[in-house]
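The values are calculated or read from the model by the stated rules, or taken from the named source; none is laboratory data. Since the model is a prediction, treat every value here as computed from it, not as a measurement. For neighbour counting, all protein chains shown are included, and Cβ atoms are generated from backbone atoms with ideal geometry for every residue, glycine included. In case anyone asks, the SASA skips ligands and DNA or RNA and just uses the protein heavy atoms, side chains included. Shrake-Rupley method; radii C 1.70, N 1.55, O 1.52, S 1.80 Å.
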Amino acid sequence: MAKNSTRFSRTQHKRNKRVISALKKCPTGISGLDEITEGGLPLGRPTLICGSAGCGKTLLAMEFISRGITEFNEPGVFMAFEETTEELATNVASLGMNLKEHIRQKKLAIDYVYIERSEIEETGEYDLEGLFVRLGNMIDSIGAKRVVLDTIEALFAGFSNEAVLRAELRRLFRWLKTKKVTTIITGEKGEKHLTRNGLEEYVSDCVILLDHRIVNEVATRRLRIVKYRGSKHGTNEYPTIIDENGLSVLPISSLGLTYPVSNDRIPTGIDRLDTMFGGKGYFRGTSVLVSGTAGSGKTSIAAAFADKTCRKGEKCIYFSFEESPEQIKRNMGSVGINLNQWEGKGLLKFHSTRPTLYGLEAHLVRIHKLVEEFHPTAVIMDPITNLAAIGESLEVKSMLTRIIDYLKNKQITTVFTSLTEGGGASAQSEVGISSLMDTWILLRHLETDGERNRLLYVLKSRGMAHSNQVREFVLSGKGVHLRDVYIGAGAVLTGSAREVQESKDNAQKLSDKQSSERRQRALRQQHLTLKGQVEALKVQLAGLAEELRISADAERCRIGVMHHRKKEMSLIRKAD
Amino acid sequence: MKTAKRTKGTKITKKWELRLYVAGQTPKAITAFANLQKICDEFLADRYSIEVIDLLKNPKLAGGDQIIAVPTLVRKLPQPVRKIIGDLSNTQRVLVGLDLKERNLTIGGRR
């Protein structure tokens, strides 16, 4: 009893000790995988990688070894049950792994284990000590820290005595733990279990599931950590890609709405469009949607933004899903935007792919990788509508959400263009992503009098006072310009109709001016005439007054004379 | 057929070269060696040589003959190479494995 209790307390003590020293991890060096496993695979323990044929198990395992050598200087042992050393070296050479060189430097040991059941007769008891010896010899000869068994299930095909095999496997994994090597065991996906022979039963520390599925005729790769004992880990299915740099996992699904915001503005490349956004342009690190019908000038707006960004000495990546870089450059040259110079200076990078070339996830990973490598401040995706061809709208939306979240986190301003169907409601963006966008510029065609003209307006722009005006969007050899539309008498006029109306207006103005002058002249004449009349009358008046004075004097004179003569007369008559 | 093969076998004047791979002096290894010697004495008297390889001493030799399980008996000569794993306790199967006995008969017997 006492003995039991001491044993119990000892195990308890051990357990406590393990809790205190957190699980140590062995970094894989595989882009993204260390992030979702929060540091790597469990150090000194076996990890099971399972998946169906062609999902990249061997590649992941080989990369774990190869990167262990090149990046962490940890020698590795690769025990192959399916491919020979030659085959393995050839297969991964295209991914930049030089196995031969590693072997020469005694950093890598590869052993090809060949089992052919038909060549082996079983009689009586046996064990797999031979395997242990071979593995142990390799580990000891180069001081390996990492071991891969690819795929140990081949043993099940080679030996008929499953009971022995299972016991030996259990012993093998225990033995590997005592060797303190971090091990990857690969296993083919089974129907009911994770692996065909239930390897997960023995490898209980960490299980990673690789998946390669075809949706809409396009293959997508995914990776999921099924379990990871003693460690926190990302639980989602993460998009994965295999390219010239090997395998990369995209930890992007783990992003949230926690990105920083900026009050910094970034010009749009079109002066009057800046004016419409309060004179300064887009907010830095926001998402901008330019939607419109075919040929409405979406690419031009995007290219003008790319041009402006590069002109300021900042970097930009242009993801094109419809046109080749050359075609874009030529077309934009015709509207006065020279993108060639920026590409030459290394400020602009084009990446053109057909959306159907690979799955949504692969696009996502590629965008992610390019952004990580190039560090742009602006990204253009032209157009996103085509992505709908390779996924359900929900998937496309979730992919775009992840792209937007990722780019916003990086404070990268993104311009998405989206093609809207001619017949549909123009405010209904194809992918239903408008709610994800901070700024939405809508381009429209207006067809009048036998011509089509482009109209632009800002449907929304979060966080700024933006113009509510409709502008005419003019593409010319001198560049992209915005003009006021003619608004009058209940009609919006654009193009030549606007020109006609404007010249009409000018003529009207001229004739108005002329008639008013004429009227003024007439009045002035009248004024002068009246003034003259007034003068004449004044003269007449003065003449009359003089006349009046003269006649009064004469009268006075005449009366005086008459009186004098009367006096003389009486004197003459000697009157009394 | 049976006799034809036997005569063919006896015509070969070359010695039979057998290798027994073991990993340490385990009971299985000792049993296997004892069984092998008994069979050889009976069927290949004076025409055989047995080389016992202890993988614990020479681990590098395991790769050459693709040894995974021990004990493994490898018939190096005559060609083609044959492998028999286990402690060789089933004499009939050993004989089949070494091409000293017709396969068909024993397959029937096995079932």
Practice prompt. Would you please give the residues with an amide H less than 5 Å from that of B:Leu56, counting only those at least 5 places away or on a separate chain, with H modeled from the backbone geometry?
Written response: B:Gly24
Practice prompt. Please arrange A:Val215, A:Val203 by accessible surface area, largest first, computed with a 1.4 Å probe and ligands excluded.
Written response: A:Val215, A:Val203
Fill in: Summed residue charge, Cβ within 15 Å of A:Val539's Cβ, Lys/Arg positive, Asp/Glu negative
-1
Worksheet entry | Amide H contacts of A:Gly359 (H built 1.01 Å from N, under 5 Å, at least 5 apart or other chain) | A:Ala219
Item to complete: Please work out the C-alpha center-to-center distance from the stretch A:504-531 to the stretch B:28-90 and express it in whole Å.
Response: 128
Worksheet item: Straight-line reach from B:Lys76: which lysines have a Cα under 25 Å away, not including same-chain ones fewer than 8 places off?
Response: B:Lys2, B:Lys5, B:Lys8, B:Lys11, B:Lys14, B:Lys15, B:Lys28, B:Lys38, B:Lys57, B:Lys60, B:Lys101
Worksheet item: For the stretch A:24-252, what D do you get in µm² per second when you plug the Kirkwood radius from alpha-carbon pairs into Stokes-Einstein at 25 °C and 0.890 mPa s?
Response: 138
Worksheet item: When the chain is fully extended, how far beyond the present Cα-Cα distance does A:Ser393 get from A:Tyr259, taking 0.36 nm per residue of separation?
Response: 45.8 nm
Worksheet item: Say the dipole of the stretch B:16-98 comes from +1 at the beta carbon of Lys and Arg and -1 at that of Asp and Glu; which of B:Gln79, B:Ile68, B:Thr91 then lies farthest toward its positive end?
Response: B:Ile68
Discussion item. Just checking the output field for B:67-76: average partner chain Cβ neighbours within 10 Å of each residue's Cβ?
Written reply: 6
Worksheet item: With each run of n ≥ 4 DSSP H residues scored as -39500 (n - 2.57), what mean residue ellipticity at 222 nm is computed for the protein assembly as shown after dividing by its residue count and rounding to the nearest 500 deg cm²/dmol?
Response: -13000 deg cm²/dmol
Fill in: J(HN,Hα) series, the stretch A:290-305, from Karplus relation 6.51 cos²θ - 1.76 cosθ + 1.60, nearest Hz, glycine and proline x
10, 10, x, 6, 4, x, 8, x, 5, 4, 5, 5, 5, 5, 4, 5
Worksheet item: Can you give the accessible area of B:Cys40 in Å² (nearest 10), computed on protein heavy atoms with a 1.4 Å probe?
Response: 0
Practice prompt. Whole number please: convex hull volume per residue, Cα atoms of the stretch B:16-98, in Å³.
Written response: 79
Worksheet item: Within 10 Å of each Cβ of A:361-373, how many other protein chain Cβ atoms are there on average?
Response: 0
Discussion item. Could you compute how much accessible area chains A and B hide from each other, both sides summed, with a 1.4 Å probe? Nearest 100 Å² is fine.
Written reply: 2100
Item to complete: Report Rg (one decimal) and Dmax (nearest whole number) for the stretch A:299-373, counting Cα atoms only, units Å.
Response: 12.6, 36
Practice prompt. Evaluate peptide B:78-85: per residue, the Cβ atoms of other protein chains within 10 Å of its Cβ; return the mean as an integer.
Written response: 4
Worksheet item: Looking at the square roots a ≥ b ≥ c of the eigenvalues of the Cα gyration tensor of the protein assembly as shown, which shape do they give, rounded for a/c under 1.5, prolate if a/b is larger than b/c, or oblate?
Response: prolate
Worksheet entry | For A:Ser516, net neighbour charge (Lys/Arg +1, Asp/Glu -1) across residues whose Cβ lies under 13 Å away | +4
Item to complete: Could you tell me which trypsin sites (Lys or Arg not before Pro) in the stretch A:337-412 are loop residues by DSSP with no more than 14 other beta carbons within 10 angstrom of their beta carbon?
Response: A:Lys345
Worksheet entry | Cα gyration tensor shape for the stretch A:128-247, rounded if a/c is under 1.5, else prolate or oblate | prolate
Item to complete: Read phi for every residue in the stretch A:169-182 and hand back ³J(HN,Hα) as whole Hz from Karplus 6.51 cos²θ - 1.76 cosθ + 1.60, θ = phi - 60°, with x for Gly and Pro.
Response: 5, 4, 5, 4, 5, 5, 5, 4, 5, 5, 6, 6, 10, 7
Worksheet, complete the sentence: Sorted by chain and number, the residues with a modelled amide H under 5 Å from that of A:Lys227, at a separation of 5 or more or across chains, are A:Val207
Practice prompt. Quick one: accessible surface of A:Arg265, probe radius 1.4 Å, all protein chains present, in square angstrom to the nearest 10.
Written response: 50
Worksheet, complete the sentence: Here the relative contact order (percent) of the stretch A:264-378, from C-alpha pairs under 8 Å and at least 6 apart, is 25
Worksheet, complete the sentence: With A:Trp175 itself left out, Lys, Arg at +1 and Asp, Glu at -1 over residues whose Cβ is under 14 Å from its Cβ give +4
Worksheet item: How much space per residue, in cubic angstrom, does the convex hull of the C-alpha atoms of the stretch A:265-484 take up?
Response: 117
